[in-house]
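Reading through the structure tokens given below for one structure.
The values are calculated or read from the model by the stated rules, or taken from the named source; none is laboratory data. Note that this is a predicted model, so its numbers are computed, not measured. So basically every Cβ, Gly included, is an ideal-geometry build from the backbone, and we count neighbours across all protein chains shown.
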């Protein structure tokens, strides 16, 4: 692996702490069960926050990707979004375990979520420049596996240093949940510590740097041209539509998996952390392992296999009655989370025109977020109407199945 490829992959190690600790296992559980008045209200309010964040991401990602292409400033925009994510994560520390702080907690997580997704547009657009076309799948999968490893290490540090010790280290007050809130500070420090190598090792493409105003005008024109050209590229359009659905299902699964485990199976913060560590082990192994064979198997086929496995295992999780059944099915499901994401990123990197790669990754983010409000909204509505977290989680399967059905109509050769 070259120095540039390693620096690029290290950003996955850095930023994966946010979805692992904040969006999924620790802060999501804390906000919905300790800050919110009750778990059902917490899951519903978390769903509406994710809905608003998804709308903001859908509006901003394609435009900002095109601006990055036109202005040649992917690195500066990546640094800006990473900085916003760090500050918003640190702000979660001030969300005390009282219902009056629920809005502040949701705002901080929502802002960090938008910054995270925008950063991924600029980060992903660098992939074609750091690996040969025949090895993009391997690098993408290995980087995704490295990301799960980073999330795992950060999660383990949260458990050992902050959540588990009693009395807490560093003089933290358990009554005020400071030992849990401090995990957000650790995430902020983790991202700031490990995200910088990609900013040094991967310079922006050579060429003139127009001013921000001119770059914005050119970027808007570029994204308009890309959108107008999609009907002439039906395979690319179908791929984006497919990803629109299955990524919505995956994002909703990530956002509510730990909330579901806490509410239905009564897992506490410490057990959620241990569960998160175990799930990251299987997810990282799946991402890295399948990444080694993705270039031979094909990115589209890899995504389809992952979606089929996620749907079957997800259905099993909905009817699981014991905690042991939940653990077994969830850990098996983890093997297929990484391949679905990494292979999708690889397929887009191979299909995007070199001069429009950031704009296409903006569309890539858009396809995962333009209906990003539907998954959380459907889950929130189903949860409120039924009073059941199981019924709410069942809506995820419909999105996975719809995405897989559309992807079956795509042929990689035709898309190229």
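Restricting 20, 33 to those that are more than 13 Å from the chain's Cα centre (by Cα) and either in contact (Cβ under 8 Å) with a residue 12 or more places away in the chain or crowded, with 24+ Cβ neighbours inside 10 Å (or both) reduces the list to 33.
Residues are listed down the side, and each one gets a yes or a no for (1) at pLDDT 70 or above; (2) loosely packed, with under 15 Cβ neighbours inside 10 Å:
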{"site": "208", "(1), (2)": "no, yes"}
{"site": "211", "(1), (2)": "no, yes"}
{"site": "217", "(1), (2)": "no, yes"}
{"site": "222", "(1), (2)": "no, no"}
{"site": "266", "(1), (2)": "yes, yes"}
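Restricted to segment 398-416, and to residues there that are at pLDDT 85 or above, part of a helix (DSSP H, G or I) and more than 18 Å from the chain's Cα centre (by Cα), the residue that is surrounded by the fewest Cβ atoms within 10 Å (Cβ to Cβ) is 405.
Being at pLDDT 85 or above and over 18 Å from the mean Cα position of the chain (by Cα) is the filter here, so list the residues in segment 1-17 that pass it. Hits for segment 1-17 are 6, 7.
Considering the conditions (1) surrounded by 18 or more Cβ atoms within 10 Å (Cβ to Cβ); (2) modelled with pLDDT of 80 or more, residue 301 is excluded by exactly one of them, (1).
Within segment 241-263, can one find any residue that is more than 17 Å from the chain's Cα centre (by Cα), surrounded by fewer than 22 Cβ atoms within 10 Å (Cβ to Cβ), modelled with pLDDT of 80 or more and part of a helix (DSSP H, G or I)? So far as segment 241-263 goes, yes, one or more of its residues are more than 17 Å from the chain's Cα centre (by Cα), surrounded by fewer than 22 Cβ atoms within 10 Å (Cβ to Cβ), modelled with pLDDT of 80 or more and part of a helix (DSSP H, G or I). Screening the candidates 287, 352, 359 for the property of being at pLDDT below 80, more than 18 Å from the chain's Cα centre (by Cα) and buried (at least 24 other Cβ atoms within 10 Å of the Cβ) yields one hit, 359. Checked against (1) surrounded by fewer than 16 Cβ atoms within 10 Å (Cβ to Cβ); (2) at pLDDT 80 or above; (3) more than 30 Å from residue 279 (Cβ to Cβ), residue 160 passes all but a single condition, namely (3). Those residues that are out of contact with any helix residue (DSSP H, G or I) (no Cβ under 7 Å at 6 or more places or on another chain) and without any contact (Cβ under 8 Å) to a residue 24 or more places away in the chain, I need them from segment 290-318; list them, please. Once the filter is applied, which keeps residues that are out of contact with any helix residue (DSSP H, G or I) (no Cβ under 7 Å at 6 or more places or on another chain) and without any contact (Cβ under 8 Å) to a residue 24 or more places away in the chain, segment 290-318 yields 293, 296, 297, 301, 312.
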